1. Mind listing whichever residues of the range A:283-313 are of a type in the set (Asp, Glu) and touching a residue at least 40 places away in the same chain (Cβ under 8 Å)?
2. From the list A:479, A:473, pick out the single residue that is more than 28 Å from residue A:373 (Cβ to Cβ), open to solvent by 60 Å² or more (accessible area, probe 1.4 Å) and small (Gly, Ala, Ser).
3. List the number of the failed condition for residue A:154; all other conditions in (1) of a type in the set (Ser, Thr, Tyr); (2) touching a Lys or Arg at 6+ places or on another chain (Cβ under 6 Å); (3) over 19 Å from residue A:318 (Cα atoms) hold.
4. Kindly indicate the residue of the range B:207-219 that is without any contact (Cβ under 8 Å) to a residue 40 or more places away in the chain and touching a helix residue (DSSP H, G or I) at 6+ places or on another chain (Cβ under 8 Å) and also farthest from residue A:188 (Cα to Cα) among those meeting that condition.
5. Considering only residues of the range A:276-298 that are of a type outside the set (Asp, Glu) and open to solvent by 10 Å² or more (accessible area, probe 1.4 Å), which is nearest to the other protein chains (Cβ to nearest Cβ)?
6. Six or more apart or on different chains, Cβ atoms under 6 Å: show the pairs whose first residue is in the range A:421-433 and open to solvent by 10 Å² or more (accessible area, probe 1.4 Å) and whose second is basic (Lys, Arg).
7. Suppose we keep only residues that are aliphatic (A, V, I, L, M) and either within 38 Å of the chain's Cα centre (by Cα) or more than 7 Å from every other protein chain (Cβ to nearest Cβ) (or both) within the range A:510-547. Which one would you say is surrounded by the fewest Cβ atoms within 10 Å (Cβ to Cβ)?
8. For residue B:222, only one of the following conditions fails: (1) closer than 26 Å to residue B:267 by Cα; (2) without any contact (Cβ under 8 Å) to a residue 24 or more places away in the chain. What is its number?
Protein chains: 2
Amino acid sequence: MSNEKEKIENEGGVGLVSPQIFKYPHKFSMVHGYLDHFQLCYETYGTLNKNKSNAILICHALTGDHHVAGVHSKDKRKGWWDHAVGPGKAIDTSEFFVICSNCLGACQGSTGPTSINPGTGEAYGMSFPELTIKDMVRAQKHLLDFLAVNSLYSVVGGSMGGMQALQWIIEYPSFVERAIIIAATAQHSAQTIAFNEVGRTSIMGDPKWNNGGYDQKFRPEMGLAVARMMAHITYLSDESMSERFGRNQRDVQNVVGELTDEGKTKFEVESYLHHQGLKFVDRFDANTYIKLTKALDRFDLVGKDKLDSNLKNVQSKVMVIGFTSDWLYTPEQNKKIAESLQRMGKNASYLEINHKDGHDSFLLKSHRFLRLLNLFLVGASQEELSRQKVRKYRQAITRSEMKKESDLKVIGNWVNKNEKVLDLGCGRGILLQHLRQAKDVIGLGVDYDTDKASACISRGVSVLQGDIRDALSMLPDNSFDWVVFSRMVEELDQPCQIIKDALRVGKRVAVSFVNHGYWKNRMHFLKYGSRITNDVYRQDWQNSHPLNHLSVKEFESFCRSLSKDENSFRIGRKIFHRGDWKTNCCFLPNSRAGLAIYELVRDST
Amino acid sequence: MSNEKEKIENEGGVGLVSPQIFKYPHKFSMVHGYLDHFQLCYETYGTLNKNKSNAILICHALTGDHHVAGVHSKDKRKGWWDHAVGPGKAIDTSEFFVICSNCLGACQGSTGPTSINPGTGEAYGMSFPELTIKDMVRAQKHLLDFLAVNSLYSVVGGSMGGMQALQWIIEYPSFVERAIIIAATAQHSAQTIAFNEVGRTSIMGDPKWNNGGYDQKFRPEMGLAVARMMAHITYLSDESMSERFGRNQRDVQNVVGELTDEGKTKFEVESYLHHQGLKFVDRFDANTYIKLTKALDRFDLVGKDKLDSNLKNVQSKVMVIGFTSDWLYTPEQNKKIAESLQRMGKNASYLEINHKDGHDSFLLKSHRFLRLLNLFLVGASQEELSRQKVRKYRQAITRSEMKKESDLKVIGNWVNKNEKVLDLGCGRGILLQHLRQAKDVIGLGVDYDTDKASACISRGVSVLQGDIRDALSMLPDNSFDWVVFSRMVEELDQPCQIIKDALRVGKRVAVSFVNHGYWKNRMHFLKYGSRITNDVYRQDWQNSHPLNHLSVKEFESFCRSLSKDENSFRIGRKIFHRGDWKTNCCFLPNSRAGLAIYELVRDST
């Protein structure tokens, strides 16, 4: 019966698992101090293949542990990421060998403040060396060596785990092929330090803390519970708390520090927090909490604008994921990691997932998020890509659909082997995928749409999800051979400034646009005094969104005025497609061209 | 010397002030329980005029007090809003009689948990009745009665003070002419309750708290300090903390719970918080903190969608102000108060000030904010308005400037006496001010721009700062006689849906737009294949923002298709101005009209 129950509890999962212990018997030097020896408690799922090319290391968050997936053989507890890790799941254990260890300094079986200091025969307590994320990563490396893992297919981590993943690709650049950094930061901000300090002060202000020398039977539970309650608020969002608890009240049960409205009820959110606080003190140690939060606060790869140089040796392909409602490690903080990697010419993507559950979103079942992990790790299957293709052609019933890629062909021809291409408004990454396959181009796409950015990831195309103006402004001068605007300049507000910036970042800029001066548009407007609607201009007024149409004439006049002011570029090649967008035309392009494609060349090129 | 120094300390301010005591000697019934009698500590500045029409009540925030302005005669302490209140300041004490009392239940001289319970001869402590915002307001009313103030020119409050101001206009609708509600909420959300509960748990978990029965010499300072430190984080923004402290470190001095990085330094933000915590326990009482935060958590005018009905008797003119970086009482929460008032047909405005300092922005010197307070209280001076006018005409050098108000004249003529008008994209409120003066119209403007919204306030025009789509969608059916779109439909994304919504909210809709089908535009486009630039279409392509141009023909065709689908409205009057925007034209308007103005009439009208 009990066996039957266990099976059901983890049906389709990795099943029963037992933690193991790795002992490192030598002296271990840390950033601040050393340990005579240490141990890590860890679990693995799946099997290391013959090439040893399928190992994935998962790094846990502040209060997490090594038990990622399956159910524990002892207490039947499910792993904290069981929905993400298992056979056929986002991190597929039938394909990958997955490892997770309780981090160094923690209290779930690895050496930390609760461990016995061999020098004194007593628990380290507050005498445990001051800890850093780097120490955790170095200790994990010893575990991987012991497991005979000589490269990582990927390292994956959220929150503090994301910081470890980031530290991994800095510390062991050639060891890690890929990294997924989720809801993390390259630097603990003043606000996050402040929250941690309040938690620490609460613990240290608890008289039972006793300068860290508390007895295990007489621990500073009150101080730790308050620290946890406060921290828990920062893991959720205002919206998710409102949805979950609102202002609902409930009868009071036994909770820490009872205080009730007219003696009878308590807000549900209050009871929930007390429950979280109580649960936490059962499984966590106060000194460990102090040491680990200090390690977080110390984490700073930015310092005085040195994030870029800290990332200069990275070789891994990186995906950073932020959540819109995460106010602890904000989307902006996550994005900065990918931006810095891009500035250093690395292969990095940033994706932002619209999820309402705050920082903890990464722990919850979100189809979009889990799918993204899987796409980054293994890409879309051939089946799936061909299915997409079939569907695409079936839908391609209008002429404009058929012609969709006509400008991409031209631009694709202009680009040379091994060049670097920035595609602004890259959509699903068709051009960049083609260029990578055909010309070994290194590409970066920018698009504000999550679905499109995810499609880029499924094609193996690097993408920064967000505003193209922001992306351009953070990139250094001269960092791309090409900047491409494929039929999206019409959507730009004050395009002049953006194109100028593109000419700073790229040696060449390709601009394609629908020529609004096409003779049929003019004739229609003259005759009817209204916009033409056809397969290019699809919507009538009431269903349109504002656009900034332009013609060949206007674009050339803009180029003339800009190059006169700036004296910095010239128009290179130009291609005009006739109204059918297939045949080229040369004469009277402002009247005869349906589509125009320009190459702008910076003079210094 | 000392006198000299005092003068300098408050030069241009209200000078030396002394708190006074008001004793209410009767039984005072509260929402939960009663007091045998109570006292309030208060200060006043300025003089009550003969008509008793110039009294302004200021309500303070959670840990604030009655000392708003000037310097204390005893300890030389400056008032917490000294930069806002004084002769010639935003709340001008040479014009107004300003009153502020320490609120009931607080610990700066008013009756609260630290006061002696006459029944027992000991301090109330936790036996002080459970407190509500309503009790505070009712106690303040007794003070005003005592001061012979029989109406309030305005009530003003931020944070908890804003909640009191809101309660005032509900409790005493005919007593309060105006209310300024700043950085407040109509309902404590789950997240704010959660933060307060962590603070309370910290206090009650301090062994010295002793179920509230602590001796004044042996108080739960540690618990209270932690509560304050945490709360202080919620008063600031991540940005302001980063700017102020970043990750700077400093040498450690004596602080609560010392913990240093390698024993020497501490982050500045940590020291700052400890300092705040220590300073706070000197001046505040732990039980009071518990009682007051519970009063905040209880505050709920929304309940099950009953905010509108709670506000049904309001007669005051209300301005609600939110700050962009306030994540404790968010801009959205503030806006909801004004929206609800508008739904109930009240005179209410919402303005959002872009300020980086989080919730505490309202306590800081911000010119834009202080100016807004003054504008709402006294309007712009005649001088100033006429100066504005002169400047306007001087600048009006282009024809388009001269013609700026031509459509407003037409729409102004259509509107009847005493009608209600919603002006979407209202700019500086010119139309609504004119209609109020000429036709006693009740108007509401909507504009996303802070400066324009402030200009509306200076004209006495109610305004909701924000998105017009949001404003429309929250307003009830049939709540305005007119909805006006004055030359802004070109900026709308998918205008169909918005105009449909306008026809739900308004009985009549007025739409004016520049006719893109005007013959000169057509001829130019035919001849040159580029957009025309003139005094109407000012920018060439590279400097434009996207627009959704339309012509008379397109608008009429849209109306035909919409009225066929919806069968709910007809085109009423229409006026076409010729190219000069002055002379009317009737024939061939799609070719000949420069400006078109339509009246759409709902069929049920």
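The values are calculated or read from the model by the stated rules, or taken from the named source; none is laboratory data. Note that the structure is predicted; figures quoted are calculated from it, not measured. Virtual Cβ from ideal backbone geometry, glycine too; neighbours counted across all protein chains shown. Note: areas computed on protein heavy atoms with side chains; ligands, DNA, RNA excluded. Shrake-Rupley method; radii C 1.70, N 1.55, O 1.52, S 1.80 Å.
1. Passing the criteria: A:285, A:297, A:300.
2. A:473
3. (3)
4. If we take residues in the range B:207-219 being without any contact (Cβ under 8 Å) to a residue 40 or more places away in the chain and touching a helix residue (DSSP H, G or I) at 6+ places or on another chain (Cβ under 8 Å), then B:218 is farthest from residue A:188 (Cα to Cα).
5. Filtering the range A:276-298 down to residues of a type outside the set (Asp, Glu) leaves A:276-281, A:283-284, A:286-296, A:298.
If we keep only those that are open to solvent by 10 Å² or more (accessible area, probe 1.4 Å) as well, we get A:276, A:278-279, A:283, A:298.
On the way: A:276: 10, A:278: 11, A:279: 15, A:283: 19, A:298: 7 Å.
In this case the residue turns out to be A:298.
6. Listed pairs, sorted by first residue: A:427/A:452; A:428/A:452; A:433/A:459.
7. This residue is A:523.
8. Every listed condition holds for residue B:222 apart from (2).
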